[in-house]
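Read the structure below first, then the notes.
Rule-based calculations on the coordinates, nothing more; no lab input. Because the structure is predicted, anything quoted here is derived from the model rather than measured. So basically every Cβ, Gly included, is an ideal-geometry build from the backbone, and we count neighbours across all protein chains shown.
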Amino acid sequence: MQEYGSLIALLLTTTAISLTGVMAPGPVTAVTITKGASRRNAGALIAAGHGMVEMPMIALIWLGFSTIVSAPGVKAAISIVGGIVLLWMGVGILRSRQQAVVERREVARGCLLAGLTTTVANPYWFVWWATVGAALIANAGAWGLLGIAAFGVTHWLCDLGWLSFLSWGVFTSRRVWTPGVFRIILAVCGVVMLGFGVYFFVAGAGLLSL
């Protein structure tokens, strides 16, 4: 039987690795900034949507799903579909930025769905779980269901903490956001989404040509 001291060490490692992943700029970060400009708790809701996808993924990987996700054809399909979704979201942000300046409440809506959508649309999320995440889950599995549950909760709390802090910081600084600044922020976030969308689509198409 594994010692609980080792489980604590694993959870500390999980915390460090998880924070590195969630703090890296990406689609979830962009949508958190966009929503956080109008809603203080946007990060928590986005993290909840993120977790709705992530918890089942942890369970599936524990059951051996990582080998399927790692297949070249599956990775290509995920990358292409994810790229298309991110392009759609980026265009949506850019098209609505003028009206959003006037109706900021509309921007604040759909945080839960935004967290879920940006997670599923990000191919790197699948790659991370098929590699780094799978390795951590394999180690946590030594403690059975307890280890897997402890790992899942620890990882999600890192997401919750960072995204909540990010949206809180954006929300509390909104006083200095003139309509012009707000339009620029939305435009930047939209362009970021488009950039990731193009990158993932091209990467996926490249995998199909191999």
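Here are the numbers:
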{"read-out": "Ellipsoid equivalent to the chain - semi-axes via the Cα gyration tensor, in Å", "value": "32, 22, 11"}
{"read-out": "Full-extension gain in nm, ALA71 to ALA138, via 0.36 nm per residue minus C-alpha separation", "value": "22.2 nm"}
{"read-out": "Value of [θ]222 nm, deg cm²/dmol, for the chain, DSSP H segments ≥ 4, -39500 (n - 2.57) each, nearest 500", "value": "-27000 deg cm²/dmol"}
{"read-out": "Charge sum, other residues only, whose C-beta stays under 15 Å from THR29's C-beta, Lys/Arg counted +1 and Asp/Glu -1", "value": "0"}
{"read-out": "Fully extended contour minus Cα-Cα distance, from LEU12 to VAL53, at 0.36 nm per residue", "value": "12.5 nm"}
{"read-out": "Computed over the chain: relative contact order in percent, which uses C-alpha pairs under 8 Å that are six or more apart", "value": "45"}
{"read-out": "Within-15-Å neighbourhood charge of TRP168 [Cβ basis; K, R +1; D, E -1]", "value": "+4"}
{"read-out": "Distance from the range 110-124 to the range 8-85 (C-alpha centre basis), Å", "value": "8"}
{"read-out": "Net charge of Cβ neighbours under 12 Å - reference ALA44; Lys, Arg +1; Asp, Glu -1", "value": "+2"}
{"read-out": "Cβ-Cβ FRET estimate between TYR199 and ALA149, R0 fixed at 25 Å, reported to 0.05", "value": "0.15"}
{"read-out": "The chain: DSSP helices with Cα axial extent of at least 18 Å and average Kyte-Doolittle hydropathy no lower than 0.5", "value": "4-23, 42-62, 72-102, 144-172, 179-208"}
